[in-house]
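First up is the structure itself, then whatever we jot down about it.
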Amino acid sequence: MTASHPTRRTVLTAALGLAGVATLGGCGSLRRDARIREWNLFGGGDGARLLQIHDKFVAEHKDMAFEAHTLAWGPPFYTKLAMSAAGGRAPEVATLHLSRLKGFSPATMLDPIPLDLLAKAGITEPDFLPATWDRCKIDGQLYAVPLDQHPFVLYYNTDICAKAGLLGPDGRIKPVRGVEPFLDMLRAVKEVTGKFAASIETTNPWRMWWTLYGQLEGGFFDESGRDLVIDDAKALEALGLMAKLAADGLTPKSADYPSLVAQFSNGDAGLSFNGEWEVTTYQTAKLPFSMAPFPVVYDVPKYAGDAHTFVLPHQAVRNEADTAATIEYIAWMLKNSAEWAAGGHIPAYQPVVASPEYLNLKPQAEYRSVAPDVLFDPDAWFSGSGAQLQNEAGAAFAGVLAGRTTPRQGLDQFKAATRKLLDTPSPV
């Protein structure tokens with residue numbers, strides 16, 4: 001989920017932020033036993049859904065003064081959160097992308113999650129996938145509680161794919177594995193649409209490249225996190241395949257995020273490679289579509305993605321009653337996350353993943369199997385959702401897909417930009 005998503009982020013952020021404050025502030029309790037101020041970065045459909053969920057929380061917890069504030073997605077959110085935490089005047093709880101956790105200087109900007117209170121609220125480590133839970137820990141301390149995972153997935157138009165002969169007897173798209181079967185699938189779709197096989201965002205194709213490079217088991221940083229160890233052969237293989245897709249007309253040579261959505265919506269493309277969060281958009285449009293894991297094109301199943309987490313921003317003096325109420329809020333959100341999952345995100349809380357309420361969500365439950373193989377961005381202060389590393393990848397790789405530069409030139413540009421970021425001290 002990058003900063004180039006005006007349909008989801010920039011347009012509705014301010015309105016939803018004000019709505020969140022007005023709606024939930026007006027539902028405050030008559031007596032103040034505890035205060036919870038929550039900061040989030042959810043706009044669009046996610047923001048509207050979160051307001052509905054928060055309304056239910058407030059209705060069930062009238063002894064808590066709850067305020068939710070939606071801030072602009074991306075760098076503005078993280079800048080304001082860092083400033084509030086640095087001054088010790090932060091909200092009780094905030095949303096944080098898990099890919100941003102280590103780069104957010106958790107030892108100074110965040111307070112550890114009290115495990116005893118979490119357990120008292122019924123939330124324990126076995127409730128989560130081990131890899132996700134472990135990533136929430138820094139130096140043995142838990143600094144985040146995962147709410148969801150949002151992987152790179154495959155959307156497919158069921159009418160178009162049926163005509164292309166790609167659906168099985170159960171109506172689902174038949175899995176493909178390997179480069180040539182992947183290309184054959186795309187060619188079959190293009191024959192039906194007469195235009196593109198798949199829509200992708202070429203202005204920032206980081207998630208596509210990171211998925212393919214991850215499936216090749218390519219490295220990025222060394223163990224110290226200070227040296228770049230990109231495998232050029234694997235990086236060029238992934239980037240070269242993306243360039244071929246564009247050159248062959250299977251994907252567009254130039255498309256921003258709104259174009260990605262539009263091309264799939266209007267049938268110019270029968271497939272779409274994207275994060276799972278546009279499910280509500282296509283359902284609202286009554287598009288005949290479903291979803292599946294992105295194909296395993298190379299060696300291993302890996303899928304670019306991230307996770308939304310709850311964190312406790314640093315407060316100079318943390319009120320015990322407020323903290324206890326905040327942990328209760330986090331636990332409630334996890335236990336009620338099936339409604340959140342309707343927006344496409346895979347619940348992190350495994351009891352919900354196994355629940356009929358979630359499993360009956362179609363097509364949202366169709367790609368849940370990828371959760372253990374979600375590939376987070378490399379660990380660095382400049383990496384993660386909406387961070388500079390993704391922007392540098394977009395600047396370097398967009399020209400490759402457009403045919404203006406070679407994969408070698410694009411990779412060299414990206415590596416040079418990444419090394420420059422490595423030499424730049426973290427601002428927090």
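Just so you know, all these numbers are worked out from the coordinates, no wet-lab data involved. Bear in mind the structure is a predicted one, so any value in this text is a computation, not a measurement. Using ideal geometry, Cβ is built from the backbone for each residue, glycine included, and neighbour counts are taken over all protein chains shown.
List of remarks:
- Loop-resident trypsin sites (Lys or Arg not before Pro) (DSSP state other than H, G, I, E or B) in region 220-298 with no more than 11 further Cβ atoms inside 10 Å of their Cβ: R226, K286.
- For region 121-253, Kirkwood radius (reciprocal of mean inverse C-alpha pair distance, Å): 18.0 Å
- Only Cα sites of region 337-379 enter the Debye sum here, all with the same form factor; the resulting log10 I(q)/I(0) across q = 0.18, 0.26 1/Å is -0.48, -0.88, listed in q order.
- Debye log10 I(q)/I(0) for region 228-374, one point scatterer per Cα, at q = 0.14 Å⁻¹: -0.88
- In nm, spacing of pseudo-spin labels at R187 and K415 (7 Å Cα→C-beta vector): 3.2 nm
- Extension reserve of the V428-D379 stretch, reckoned as 0.36 nm per residue once the Cα distance is removed: 16.2 nm
- Dividing the Cα radius of gyration of the chain by its Kirkwood radius returns 0.97 for Rg/Rh.
- Sites E180 and D268 - FRET efficiency at Förster radius 25 Å, r taken between beta-carbons, to 0.05: 0.55
- Along its first, second and third principal axes, ordered by size, region 217-283 spans 46, 29, 18 Å in Cα coordinates.
- Each 5 Å bin, from zero up to the one with the longest distance, holds this percent of the alpha carbon pairs of region 190-242: 4, 18, 21, 18, 17, 9, 5, 3, 2, 1.
- You can think of it this way: the chain between K286 and R89 has 66.4 nm of extra reach, that is 0.36 nm per residue less the Cα-Cα gap.
- Our analysis of region 177-265 gives Rg over Rh at 1.04, with the two radii drawn from alpha carbon positions and Rh computed by the Kirkwood formula.
- Using Cβ point charges alone (K and R +1, D and E -1), the dipole size of region 99-242 about the Cα centre works out to roughly 560 debye.
- GNM result for the chain, Cα springs below 10 Å: residue of H345, H54, H150 fluctuating most strongly: H54
- 15 Å cut-off, amide nitrogen to a point 7 angstrom out along A107 Cα→Cβ, residues in region 317-339: none
- Considering only the chain, percent of DSSP beta bridges that pair antiparallel, nearest 5: 65 percent
- You can think of it this way: the chain between D222 and S254 has 8.2 nm of extra reach, that is 0.36 nm per residue less the Cα-Cα gap.
- Taken over the C-alpha atoms, region 20-151 has Rg and Dmax values of 15.3, 42 angstrom.
- A helix-only calculation puts the chain at -12500 deg cm²/dmol for mean residue ellipticity at 222 nm, using -39500 (n - 2.57) for each DSSP H run of at least four residues, averaged over all residues.
- Amide hydrogen neighbours beyond the local backbone of L375, cut-off 5 Å, H modeled: Y303, A304, G305
- For the listed peptides 324-331, 302-309, a ranking on the average number of other beta carbons within 10 Å per residue, highest first, reads 302-309, 324-331.
- GNM top mover of T132, T124, T211 - the chain, alpha-carbon springs below 10 Å: T124
- Charge dipole of the chain (Cα centre as origin; +1 on each Lys and Arg Cβ, -1 on each Asp and Glu Cβ, all else neutral): 860 debye, rounded to the nearest 20.
- Cross-link table K302/K420; K120/K335; K286/K335; K163/K253; K56/K137, entries beyond 22 Å C-alpha to C-alpha: K302/K420; K286/K335; K163/K253; K56/K137
- Spin-label model, L359 to A48: label points 7 Å out along the Cα-to-beta-carbon direction sit 3.0 nm apart.
- Dividing the C-alpha radius of gyration of region 85-164 by 2.2 N^0.38 Å, with N its residue count, gives 1.53.
- Of the DSSP H helices in the chain, those whose Cα atoms cover at least 18 Å axially and whose Kyte score averages 0.0 or more: 179-193, 232-247, 320-335, 388-402
- The calculated FRET efficiency for K120 paired with K62, based on their beta-carbon distance and R0 = 22 Å, is about 0.60.
- Net charge of the neighbourhood of A380, taken over other residues with C-beta under 15 Å away and scored Lys/Arg +1, Asp/Glu -1, is -1.
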